[in-house]
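**Q** Quick one: structure below, then a few questions.
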Amino acid sequence: MIALDEAWSGAADLLGGSERELLQARSAAAMLAAARWATHSALARTETRGMHVRTDLPDTDPAQTRRLLSGGLGEVWVRPEHGAAETRTVAS
């Protein structure tokens with residue numbers, strides 16, 4: 001997660017160029033943003049569910065039957081779809 005966040009902080013410097021170069025840079029930035037959202041979401045889920053397997057938390061928690069929403073660019077946020085506060089993940 002730290003590497004993704006560090007890469008994001010330097011991504012703005014690479015979003016230049018013209019036409020094809022700009023398209024490629026924006027595509028790379030979009031993939032980097034999606035990777036950050038997925039990683040932060042995975043760390044915020046404190047259970048194993050479906051294909052998301054956590055060796056440190058191997059059981060499914062029925063109380064967590066919900067989707068997690070994530071977003072943000074400078075700082076990624078994660079929250080349950082219905083209600084509740086945002087979760088901040090801590091880099092390890």
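The values are calculated or read from the model by the stated rules, or taken from the named source; none is laboratory data. Predicted model, so just to flag it, every value in this text is computed and none were measured. Note: ideal-geometry Cβ built from the backbone for every residue, glycine included; neighbour counts use all protein chains shown. Surface accessibility is based on the protein's heavy atoms, side chains included, excluding ligands, DNA and RNA. Shrake-Rupley method; radii C 1.70, N 1.55, O 1.52, S 1.80 Å.
**Q** What tally of residues in the range 47-66 results from selecting those that are open to solvent by less than 80 Å² (accessible area, probe 1.4 Å), assigned to a loop (DSSP other than H, G, I, E, B) and out of contact with any helix residue (DSSP H, G or I) (no Cβ under 7 Å at 6 or more places or on another chain)?
**A** If we filter the range 47-66 for residues that are open to solvent by less than 80 Å² (accessible area, probe 1.4 Å), which is where we start, we get 47-50, 52, 54, 57, 61, 64.
Of the ones still in play, those that are also assigned to a loop (DSSP other than H, G, I, E, B) are 47-48, 50, 54, 57, 61.
Now narrow it down to the ones that are out of contact with any helix residue (DSSP H, G or I) (no Cβ under 7 Å at 6 or more places or on another chain): 48, 50, 54, 57, 61.
Total meeting the criteria: 5.
**Q** Can you tell me which residues in the range 77-92 are at pLDDT below 85 and open to solvent by 60 Å² or more (accessible area, probe 1.4 Å)? Show your work before the answer.
**A** Residues of the range 77-92 that are at pLDDT below 85, as a first pass: 82-92.
Hits for the range 77-92 are His82, Ala84, Ala85, Glu86, Arg88, Val90, Ser92.
**Q** Restrict the check to the range 64-76 and report whether at least one residue is small (Gly, Ala, Ser), closer than 26 Å to Leu15 by Cα and at pLDDT below 90.
**A** As a first pass, look at the range 64-76 and keep what is small (Gly, Ala, Ser): 70-72, 74.
Among the residues that remain, those that are also closer than 26 Å to Leu15 by Cα are: 70-72, 74.
In the following step, the residues that additionally are at pLDDT below 90 were identified as 74.
Yes, the range 64-76 contains a residue that is small (Gly, Ala, Ser), closer than 26 Å to Leu15 by Cα and at pLDDT below 90.
**Q** Here is a follow-up. Kindly provide the set of residues from the range 10-34 that are open to solvent by 90 Å² or more (accessible area, probe 1.4 Å), modelled with pLDDT under 85 and among the polar types (S, T, N, Q), ordered by number.
**A** Answer for the range 10-34, where residues must be open to solvent by 90 Å² or more (accessible area, probe 1.4 Å), modelled with pLDDT under 85 and among the polar types (S, T, N, Q): there is none.
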